[in-house]
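What follows is a set of notes on a single structure, which appears directly below.
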Amino acid sequence: LSPHWQCTDICSSMADFGSFGGSYYPDGSYGSHLYRWGPPPEEEGVLSLIWSLLSWLAVPAVLLLLAWLALPFLDWRTTLGRPLEASIARTSFQVAPGGLVPPAWQAPEVTLSVVIPAYNEERRLPQMLSETLAYLESRAAASLGRFSFEIIVVDDGSTDGTFSAASYPLQRTSVDAADPRRSGQLRQGDLRVLRLSQNRGKGFAVRAGVLTARGQWILMVDADGATNIRDLERLEAAARAAPQRPPSIVFGSRYGLNAPPRPVKSANRSPHRAALTWLFQTIVGSLMGGTAVKDTQCGFKLFPAMVGKHLFASLHIYRWAFDVELVLLCKILGVNIVEVPVTWVEMPGSKLNLLSGAASMLRDILLVRILYAFSLWGPAL
């Protein structure tokens with residue numbers, strides 16, 4: 001073969017490695033060169049080492065991700081079949097063994113049970129409790145026996161003095177020491193404080209309070225006092241106006257609704273929180289197959305006792321996204337949700353980290369959607 005064809009053959013055989021070329025040397029001879037593509041040979045060892053390290057790290061990273069995704073399911077499994085008393089470390093009242101949760105057949109003892117979940121709230125809880133007690137006691141005194149209440153504060157394994165702060169109103173009756181019957185009691189109503197043995201999440205704390213409630217109605221309210229307690233009357237009015245069949249629960253809403261035309265709220269919410277909340281609600285609507293509820297996360301909700309106890313006995317998600325599971329349970333059980341705008345102000349000291357909290361909530365919602373779709377989770381019988 002001629003030198004030209006030999007060069008062509010060599011170029012073809014080297015196509016996978018680089019480009020082939022040639023040049024004349026000073027003595028007039030012609031030489032060929034192979035031009036290599038890619039990093040120099042001395043850098044290949046470094047890249048190979050990096051790739052090997054990434055390959056080794058990929059397996060534990062995937063395992064950690066799967067464990068993180070499964071956390072809510074594993075958390076629920078730890079409580080499966082265990083009585084609620086097993087999760088309670090301390091109470092402000094005497095209770096017989098097995099008597100913490102009233103049986104389903106027992107008639108309500110009070111008109112309203114107010115359930116307040118609290119985690120490290122020794123600073124914000126006293127003012128909220130003071131305002132709530134002032135309103136409920138004045139209402140009970142004016143009702144001539146037609147309205148009675150209890151407040152249940154559930155300390156979610158706090159590391160500060162939340163339990164003592166919640167129990168303090170029980171000690172204030174020293175101003176009425178002349179009447180020994182007042183000792184350890186409120187002037188009207190009842191205050192009960194539960195302390196969980198460990199931090200289980202807001203959903204679990206609310207669940208504990210609801211299951212131990214003795215009221216005809218159960219109001220869930222946050223410990224920060226962001227919602228005006230007097231807006232309870234708006235929720236009660238909506239509950240009375242709702243049809244009895246199907247049963248209804250009432251959600252307070254921080255956003256304007258169609259009725260009344262002007263929202264009765266004062267939400268001084270920071271722009272980044274407002275944007276994240278809007279994004280979260282949009283994702284919730286998409287993952288849940290569409291929902292008419294505009295604000296699932298407002299911590300001001302009213303339940304008829306039987307409906308509320310069934311919903312919370314069916315709860316699987318124990319942390320921030322439990323409200324979304326409530327919405328799904330209502331959809332499955334045929335419970336109607338009525339939304340009412342409430343007076344709400346953003347309070348400093350939130351325990352929810354925006355980034356980690358948002359990731360955890362989205363994980364929980366996705367897990368709820370999958371496990372309910374495959375009938376691995378469902379309402380309690």
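Please work out which residue is surrounded by the most Cβ atoms within 10 Å (Cβ to Cβ), limiting yourself to the range 118-148 and to residues that are of a type in the set (Asp, Glu) and under 29 Å from the mean Cα position of the chain (by Cα).
GLU121
Taking the stated definitions as given, is ARG273 modelled with pLDDT under 95 and assigned to a loop (DSSP other than H, G, I, E, B)?
Against the criterion (modelled with pLDDT under 95 and assigned to a loop (DSSP other than H, G, I, E, B)), ARG273 does not qualify.
The values are calculated or read from the model by the stated rules, or taken from the named source; none is laboratory data. None of these values were measured; they are calculated from a predicted model. Cβ: placed from backbone, ideal geometry, glycine included. Neighbour counts: every protein chain shown.
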